[in-house]
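The values are calculated or read from the model by the stated rules, or taken from the named source; none is laboratory data. Bear in mind that the values here come from a model prediction, so they are computed numbers and not experimental data. Methodologically, a virtual Cβ is constructed for each residue, glycine included, from the backbone with ideal geometry; neighbour enumeration extends over all protein chains shown.
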Amino acid sequence: MTPDQSPTVRHRRLARQLREARQHSGLTMEAAAAALGWSRPKLVRFETARTRPTAADVAAMLALYGGDQALKLALMQLAKDIRKRGWWSAFNDVLTGSFAELEDDAAQIRTWQVQFVPGLLQISDYALALIRIGSPEDSEEVHLRRLQARMARRTILERQDGSSLRVVLDEAVLRRPVGGSDVMARQLDALVNESKKPNVSLRILSAATGEHAGMDGPFVILSFQGPLDPDVVYLEGMGGEIYVEDVAQVTRCNVRFDRISDQALSEEDSVALIADIAKEYHQSDEPPR
């Protein structure tokens, strides 16, 4: 696993359960590693989700640790499911890292964006304009392939058990005519429609706001259903993908998102602003000021 990748939800869960099983057995990490015939670093990598154990590795650990048979069976199944294929596996040629899988498993997604509409809410023409400008060196075939992957992501919000999405956008996002005025008008119309979904919350940080809690840049917080699956913060930039899992840092990001939300317009006022700016795009070839 490369440094910029995060373990999947299932992988993180397995690592935590294996660590707890060892601790419950009374074995220290050194004693367990010695009994298994492994180096201590190998066991550390398994327990911190830095390396994916094989089913045989998991079986060996569980045989040593003992414990409830039902739990053993559940963890063996979890070990097999780590590599379970999801929709994203069909796009391995254009998707990298673990974000798609983490996003798909998330019960709640919170995002603060300052440059563009988040991918889950993008219409195809808007998304394609961003994809083209973001990787001009790639062929149009690759651009369209990335577009297919991005549109596939949107189904997350349509599922019966779909994630809840809380978005705060800087007003500048609305006034940046990505793809041109016509595309932007349709994108903003789509945002108004998306805001009507019960699992979508959309708020705008007004341009009139002075200093604010989000000035350090955009981020995404992924929260999961199980209490044993802590939040993950996702950051993306020129240097690649960064996943933040340190509890203290994640807590700071949660507090920061709440502060940004507190400074933003209400949902009702935000949607009204989006609709007003959309009208300006519809009525003029020039972007609204």
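Leu121: hydrophobic (A, V, I, L, M, F, W, C), crowded, with 21+ Cβ neighbours inside 10 Å and either within 11 Å of the chain's Cα centre (by Cα) or not assigned by TED's automatic domain parsing to the domain that holds Asn254 (or both), yes or no?
no
Only residues that are in contact (Cβ under 8 Å) with a residue 24 or more places away in the chain and in a loop (DSSP other than H, G, I, E, B): list them for the range 186-204, please.
Residues satisfying the conditions are Ser195, Lys197, Asn199.
Going by what's in this entry, would Ala207 be described as farther than 30 Å from Ala248 by Cα, in contact (Cβ under 8 Å) with a residue 24 or more places away in the chain and not in a loop (DSSP other than H, G, I, E, B)?
Numbers: farther than 30 Å from Ala248 by Cα: yes; in contact (Cβ under 8 Å) with a residue 24 or more places away in the chain: yes; not in a loop (DSSP other than H, G, I, E, B): no.
No, not satisfied.
Yes/no matrix, rows are residues, columns are (1) more than 22 Å from the chain's Cα centre (by Cα); (2) outside any helix (DSSP H, G or I):
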{"site": "Leu71", "(1), (2)": "yes, no"}
{"site": "Leu78", "(1), (2)": "no, no"}
{"site": "Val94", "(1), (2)": "no, yes"}
{"site": "Leu102", "(1), (2)": "no, no"}
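Just for the range 167-186: of the residues that are buried (at least 18 other Cβ atoms within 10 Å of the Cβ) and closer than 17 Å to Arg203 by Cβ, which one is nearest to the chain's Cα centre (by Cα)?
In this case the residue turns out to be Val167.
Please go through (1) modelled with pLDDT of 95 or more; (2) small (Gly, Ala, Ser); (3) on the phi < 0 side of the Ramachandran plot; (4) buried (at least 17 other Cβ atoms within 10 Å of the Cβ) for Ala272 and return the number of the only condition it doesn't satisfy.
(4)
Mind checking which residues of the range 191-211 are surrounded by fewer than 18 Cβ atoms within 10 Å (Cβ to Cβ) and either touching a Phe, Trp or Tyr at 6+ places or on another chain (Cβ under 9 Å) or farther than 25 Å from His282 by Cα (or both)?
Of everything in the range 191-211, those that are surrounded by fewer than 18 Cβ atoms within 10 Å (Cβ to Cβ) and either touching a Phe, Trp or Tyr at 6+ places or on another chain (Cβ under 9 Å) or farther than 25 Å from His282 by Cα (or both) turn out to be Pro198, Asn199, Thr209, Gly210, Glu211.
Could you figure out which of (1) touching a residue at least 40 places away in the same chain (Cβ under 8 Å); (2) surrounded by fewer than 19 Cβ atoms within 10 Å (Cβ to Cβ) isn't true of Glu141?
The failed condition is (1).
Only one of (1) in contact with a Ser or Thr (Cβ under 6 Å, 6 or more places away or on another chain); (2) surrounded by fewer than 19 Cβ atoms within 10 Å (Cβ to Cβ) fails for Ala152. Which number is that?
(1)
Could you grab the pairs with beta carbons closer than 6 Å, sequence gap of 6+ or different chains, first residue in the range 268-282 and more than 17 Å from Arg166 (Cβ to Cβ), second one of a type in the set (S, T, N, Q) and surrounded by 14 or more Cβ atoms within 10 Å (Cβ to Cβ)?
Tyr281/Ser181
With (1) in contact with a Lys or Arg (Cβ under 9 Å, 6 or more places away or on another chain); (2) under 13 Å from Asp276 (Cα atoms) as the list, and Ser201 as the residue in question, which single condition is left unmet?
Of everything listed in (1) in contact with a Lys or Arg (Cβ under 9 Å, 6 or more places away or on another chain); (2) under 13 Å from Asp276 (Cα atoms), Ser201 misses just condition (2).
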